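Shown next, in structure tokens, is the structure this report addresses.
The values are calculated or read from the model by the stated rules, or taken from the named source; none is laboratory data. Because the structure is a prediction, the values reported are computed rather than measured. All Cβ positions, glycine included, derive from the backbone under ideal geometry; neighbour counts span all protein chains shown.
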């Protein structure tokens, strides 16, 4: 009797593990396949009114990580090539000493991007929040998303599900460490599944406020 019970428990665990793994892989596959046609390089991407840059962490001294610098530099190239008029830099600022948008702005200015072309979103605490606020607060619709390849499918899928018309340009400007790439891609499995729940079931409200349309006359 005890052995039979143990076998049932073991089979149940197997079913749970297989089901969970399948859900993770299928959600990632869905995002990859459905967003592939919306990904371009810097030359081929269609012009849009604005680029959206997602936060990607800061060093202890408050400067952008290499991943974030690459995103800002790619957005700067989009601006200088006339692909976008404005750059929305969205990141976390819940702690006084941690200000992703301000760090992005400082780096963009050092690259020659004029301050009037930069718009800061201090409440982009997640990919979902950034996409939601880009439409609800900043009045954007057609956008170019700037992030790395590992994150791009989830970013495009989330923004599209929230009513935006996004295309993406990958900001992979260097050879990242293999260990980092492995970690990022593994992290995208649960993150993408969570994104599907957010946009299709939960629809949580991020931090909002008064609308601040980037293009008020459109």
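Restricting 164, 182, 189 to residues that are surrounded by fewer than 24 Cβ atoms within 10 Å (Cβ to Cβ), closer than 25 Å to residue 27 by Cβ, at pLDDT below 95 and in contact with a helix residue (DSSP H, G or I) (Cβ under 9 Å, 6 or more places away or on another chain) narrows the list to 189.
Residues in the range 54-64 that are surrounded by 15 or more Cβ atoms within 10 Å (Cβ to Cβ) and either in contact with a strand residue (DSSP E or B) (Cβ under 7 Å, 6 or more places away or on another chain) or more than 15 Å from residue 90 (Cα to Cα) (or both) were compared, and the one that is modelled with the highest pLDDT is 54. Comparison of 96, 146, 84, 67 shows that the only residue that is surrounded by fewer than 19 Cβ atoms within 10 Å (Cβ to Cβ) and either touching a residue at least 24 places away in the same chain (Cβ under 8 Å) or more than 26 Å from residue 189 (Cβ to Cβ) (or both) is 96.
Filtering the range 33-57 to residues that are touching a helix residue (DSSP H, G or I) at 6+ places or on another chain (Cβ under 9 Å), part of a helix (DSSP H, G or I) and over 18 Å from residue 131 (Cβ atoms) leaves 33, 36. Might you let me know whether the range 151-169 holds any residue that is over 15 Å from residue 50 (Cβ atoms) and free of Cβ contacts under 8 Å to residues at least 24 places away in the same chain? Within the range 151-169, none of the residues are over 15 Å from residue 50 (Cβ atoms) and free of Cβ contacts under 8 Å to residues at least 24 places away in the same chain. When residue 92 is tested against (1) under 19 Å from residue 215 (Cα atoms); (2) part of a loop (DSSP other than H, G, I, E, B); (3) touching a helix residue (DSSP H, G or I) at 6+ places or on another chain (Cβ under 7 Å), exactly one condition is not met: (1).
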